[in-house]
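Enquirer: Got a structure for you, written out below as structure tokens; questions coming shortly.
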Amino acid sequence: MPINATQKITLKLVVAAIGMFVFAVFLMPPLYDVFCELTGIGGKTKGQYEGAAVAVDVEREIKIQFVATNNGAMPWEFSPLDYQIRVHPGEKTAVEFYAKNPTSRDMVAQAIPNITPNNAAEFFHKTECFCFNKQELKAGEEANMGLVFIVDPKLPASVTTITLSYTLFDVTEATAAEVATTN
Amino acid sequence: MAHGPAKGIGRWLFATNHKDIGTMYLWFSFSMFLLGGAFAMIIRAELFAPGMQLIKPEFFNQMTTMHGLIMVFGAIMPSFVGLANWMIPLQIGAPDMALPRMNNLSFWILPFGFALLASTLFMEGGAPNFGWTFYAPLSTTYAPDTVNFFIFGVHIIGASSIMGSINIIATVLNLRAPGMTMMKLPLFVWTWLITAFLLVAVMPVLAGAVTMMLMDINFGTSFFDAAGGGDPVLFQHIFWFFGHPEVYIIILPAFGVISEIIPTFSRKPLFGYSSMVYATSAIAFLSFIVWAHHMFTTGMPIAGELYFMYATMLIAVPTGVKVFNWITTMFKGSLTFETPMLFAIAVVILFTFGGFTGLMLAVAPADIQYHDSYFVVGHFHYVMVAGAVFSMSGAIYYWLPKWSGKMYDETMGKVQFWVAFVGFNIAFIPQHFLGLAGMPRRYADYALQFSDWNMVSSIGAFMYGAAQLMFLYNVVRTIVAGKPTSEEKTWEGAQGLEWTLPTPAPFHTFSTPPEVK
């Protein structure tokens, strides 16, 4: 079927509109993640660190602060055992967070980390973290959750304090739904 | 050839004539304008005095949300589509729009979209209450169940907008009369052509944003949910990637209208026609790369804040070119001040005022203070209302005699203008003061020290509301009992193809294309 000029431009514009929809839904979110990861914007930390051990820089001392927050109506007790510690860059350090499910039902939680200042995010390496997995606590159960980290000696000299914040989300329902669909 | 309009309701249901569809768009958008205006009156009545008097805070939130959504998507956007339907074929010498049946569809899905949206007012849980910018997770995790109606409503409204824009682009590119080259197009056509491209580019992004909300709410995805690895700030990026071009979608056709009215009543050709075209294109381009100036408080790196601050300020340059051209067009012209001209001059003055407060907001460190305060509310009402709505009122007075063959009452028109102008300024100037003093937007109540200016603002808002009822009266009275006119050129200084047609404009025009020299 021969198409005239109006049909041609209409077709092009419809394709452009669909293209923009696809761009918004399928490209913008992953591009945003990549952009944030490359630039460290948003203070998102990377996943598990598997780099080689580095020399400890004993000359320098970094203050690390821990913040634990419950999201929304999350009822758990959640706090770091130490609120503030000092570490040398390159030194492997282990700390623990305390969590208790005071309710009478079994719950699942997910902790989401965030680093301040933003430009420290890519130099804060976690070799072990409770935030890599969902945490399950039975009714009334309590637990200490571990975190092992190394501050990269390449950390910019301007950074003397790093604040690591965890927000605890209630994902009980979402997890139950997942289990239901996979079974 | 002498094929008149069909009889009865079928004329409107199956309309393919650009004038009929334009008329329907205009009446529909005016009814939405009155509905959104009624919501605004409820908001201002509650804010007349501190404390809760008339409505509950939950309902107040629904009112601010619905007021914004209805005004942006239901009143301003469709009104300019209606104007485009009426005027673009007449101004480029085309017999009709390029895609008349799609035109019918794009209009007739609108009432259904807004019925979905407005029906939530009567449902359990109430209407959307998360603000017209519907930031996630407020609009996902914490939203009332009716949010799904809002989402599908936005889908329908977006589809209508996209179809309308495709139609306008196809018409302007393919149906121009012989000799009507691109650089001879009237500026209203030019601004709409550029607006239509903006719409095709960003309305799908809005559809994408609400689709992701739909998935997050109903299908367990985590686009905007931090617990599942998503990011609420991503929502703001996507929304404002749509939202910033959207404000130019609203204002560019208004610029086009002003660029038609001012030369007519200055009896001079528009100063700097080609610079107007380039300035419009520049504004359209810049609108895509400045979105994050709405997000200065989300915690951006300093480089990002600087970039978005300077890029935003850059928009003042092409906008300044436009204001300069309008003023220079008036300079040494034989000015007369009929109602359309009054509205046009008011737009130039008040829009420039709104542009300057926009520049203040663009300054990243200062924006931290202004953010989400009444200063922002004052700012965007100066550009949305005094920019878009004033120019729309001017456009109706300007072209209504050509459409209807009846002349409006000049005195009534001027009275309506002055009531609107004074009411508008009394309503919105104080909001700048309130914002600078620290009053946040979107609250149903406020601290006592904000009482006086809120009362003044409410009085102005009621006045401006009354002016719109006068406007309705003027339009209806003109159509029913206006003084008949058959002059081809309603206005002495008017230029352009539409003024070569008989008055009132016949049902079919330019069935044989005119020759443009």
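Enquirer: How large is log10 I(q)/I(0) at q = 0.11, 0.17, 0.26, 0.28 Å⁻¹ when the Debye formula is applied to the Cα atoms of the range A:76-141, each weighted equally and without solvent?
Expert: The calculated log intensity ratios at q = 0.11, 0.17, 0.26, 0.28 Å⁻¹ are -0.35, -0.75, -1.31, -1.40.
Enquirer: Return a single number: how many Lys pairs in the range A:43-182, at a sequence separation of 8 or more or on separate chains, have alpha-carbon atoms below 20 angstrom apart.
Expert: 17
Enquirer: What list of ³J(HN,Hα) values in whole Hz, one per residue of the range A:163-174 in order, does the Karplus curve 6.51 cos²θ - 1.76 cosθ + 1.60 (θ = phi - 60°) give from phi, with Gly and Pro shown as x?
Expert: 10, 9, 10, 10, 10, 9, 9, 7, 10, 4, 5, 4
Enquirer: Roughly how crowded by other chains is peptide A:4-15, in terms of the mean Cβ count from those chains within 10 Å of each of its Cβ atoms?
Expert: Mean partner-chain Cβ count within 10 Å for A:4-15: 5.
Enquirer: Let me ask something else. Run the helix sum for chain B: -39,500 (n - 2.57) per DSSP H stretch of 4+ residues, divided by residue count, reported at 222 nm to the nearest 500 deg cm²/dmol.
Expert: After summing the helix terms and dividing by the residues of chain B, the value is -22000 deg cm²/dmol.
Enquirer: Over chain A, with a Gaussian network built from C-alpha contacts below 10 Å, which listed residue (A:V151, A:V87, A:V15) shows the highest mean-square fluctuation?
Expert: A:V15
Enquirer: Loop by DSSP (not H, G, I, E, B), at most 14 other beta-carbon atoms within 10 Å: where is the longest site-free stretch of chain A for trypsin sites (Lys or Arg not before Pro)?
Expert: Free of exposed loop sites, the longest segment is A:47-104.
Enquirer: May I pose another question? Lys and Arg at +1, Asp and Glu at -1: add these up for the other residues within a Cβ distance under 12 Å of B:K184 and post the number.
Expert: Surrounding charge for B:K184 is +2.
Enquirer: To make sure I understand, if each residue's beta carbon is the centre and we count other beta carbons within 10 Å, what order do B:R477, B:R176 fall in, fewest to most?
Expert: In order of increasing Cβ crowding within 10 Å: B:R477, B:R176.
Enquirer: What is the fewest-to-most order of B:L83, B:L185, B:L335 by other Cβ atoms lying within 10 Å of their Cβ?
Expert: Listed from fewest to most nearby Cβ atoms, that is B:L335, B:L185, B:L83.
Enquirer: Would you mind telling me the antiparallel percentage of the DSSP bridges in the range A:43-182, rounded to 5?
Expert: Rounded to the nearest five, the antiparallel share is 80 percent.
Enquirer: Looking at the square roots a ≥ b ≥ c of the eigenvalues of the Cα gyration tensor of the protein assembly as shown, which shape do they give, rounded for a/c under 1.5, prolate if a/b is larger than b/c, or oblate?
Expert: Prolate.
Enquirer: Just the number, please: percent antiparallel of the DSSP beta bridges in the protein assembly as shown, rounded to the nearest 5.
Expert: Bridges in the protein assembly as shown are about 80 percent antiparallel.
Enquirer: Mind checking B:196-206 for the average number of partner chain beta-carbons within 10 Å of each residue's beta-carbon?
Expert: 4
Enquirer: What shape does chain A have by the C-alpha gyration tensor, where a ≥ b ≥ c are the square roots of the eigenvalues, rounded means a/c under 1.5, and otherwise prolate means a/b greater than b/c and oblate the rest?
Expert: On the way: a/c = 3.19, a/b = 1.50, b/c = 2.13.
It comes out oblate by the Cα gyration axes.
Enquirer: I need the phi-derived Karplus couplings for the range A:67-84: 6.51 cos²θ - 1.76 cosθ + 1.60, θ = phi - 60°, integer Hz, Gly and Pro marked x.
Expert: 10, 10, 10, 8, 7, x, 9, 4, x, 5, 7, 8, 7, x, 5, 10, 7, 8
Enquirer: Let me ask another. With the contact rule set at Cα under 8 Å and sequence spacing of 6 or more, what percent relative contact order holds for chain B?
Expert: With pairs under 8 Å counted, the relative contact order is 18 percent.
Enquirer: While we're here: Name the long-range amide H neighbours of B:K406: under 5 Å, sequence gap of 5 or more, or other chain; modelled H, no Pro or chain starts.
Expert: Answer set, sorted by chain and number: B:T485.
Enquirer: Over 28 Å between Cα atoms, which of B:K268/B:K322; A:K12/B:K402; B:K184/B:K332; B:K19/B:K406; B:K322/B:K483 qualify?
Expert: Where the Cα-Cα span goes over 28 Å, the pairs concerned are A:K12/B:K402; B:K322/B:K483.
Enquirer: Could you name the aspartates and glutamates whose alpha carbon sits less than 20 Å from that of B:K414, not counting residues in the same chain fewer than 8 places away?
Expert: Candidates past the 8-residue exclusion: B:E260, B:E338, B:E492.
Enquirer: Shielding by partners for B:173-186, please: the mean number of other protein chain Cβ atoms within 10 Å of each residue's Cβ. Walk me through the numbers on the way to the answer.
Expert: Working: counts 4, 7, 2, 0, 0, 0, 0, 0, 0, 0, 0, 0, 0, 0.
Mean partner-chain Cβ count within 10 Å for B:173-186: 1.
Enquirer: In whole Hz and in residue order, list the ³J(HN,Hα) couplings for the range B:106-112 that follow from phi through the Karplus curve 6.51 cos²θ - 1.76 cosθ + 1.60, θ = phi - 60°; x for Gly and Pro.
Expert: For the range B:106-112, the Karplus curve yields 5, 6, 6, 7, 4, x, 6 Hz.
Enquirer: Given charges of +1 on the Cβ of Lys and Arg and -1 on the Cβ of Asp and Glu, with all other atoms neutral, how large is the dipole of the protein assembly as shown about its Cα centre, in debye to the nearest 20?
Expert: For the protein assembly as shown, the charge dipole is close to 2780 debye.
Enquirer: Tell me, what is the percent relative contact order of the range A:43-182, built from C-alpha pairs under 8 Å that lie six or more residues apart?
Expert: On the way: 330 pairs, mean separation 48.2, N = 140.
Taking the mean separation of contacting Cα pairs over the length of the range A:43-182, I get 34 percent.
Enquirer: Between B:D225 and residues 5 or more places away or on another chain, which pairs have amide H atoms under 5 Å apart, with H built 1.01 Å from N, and which residues are they?
Expert: The list, which skips near neighbours in sequence, is B:G230, B:D231.
Enquirer: Longest span of chain B, sites excluded, free of GluC sites (Glu not before Pro) in DSSP loop with at most 12 other C-beta atoms within 10 Å? Please list the in-between numbers first.
Expert: Numbers: sites that count: B:E124, B:E492, B:E515.
Here the longest segment lacking exposed loop sites spans B:125-491.
Enquirer: Around A:Y98, which amide H atoms from residues at least 5 apart in sequence, or from another chain, sit under 5 Å from its own amide H, with H modelled in the peptide plane?
Expert: HN-HN under 5 Å from A:Y98: A:S79, A:L81, A:M145.
The numbers here are math on the coordinates, done by the rules we state, and not lab data. In this text the structure is predicted, and so the values were computed from the model without any measurement. No Cβ is skipped: glycine too gets one built from the backbone with ideal geometry, and neighbour counts run over all protein chains shown.
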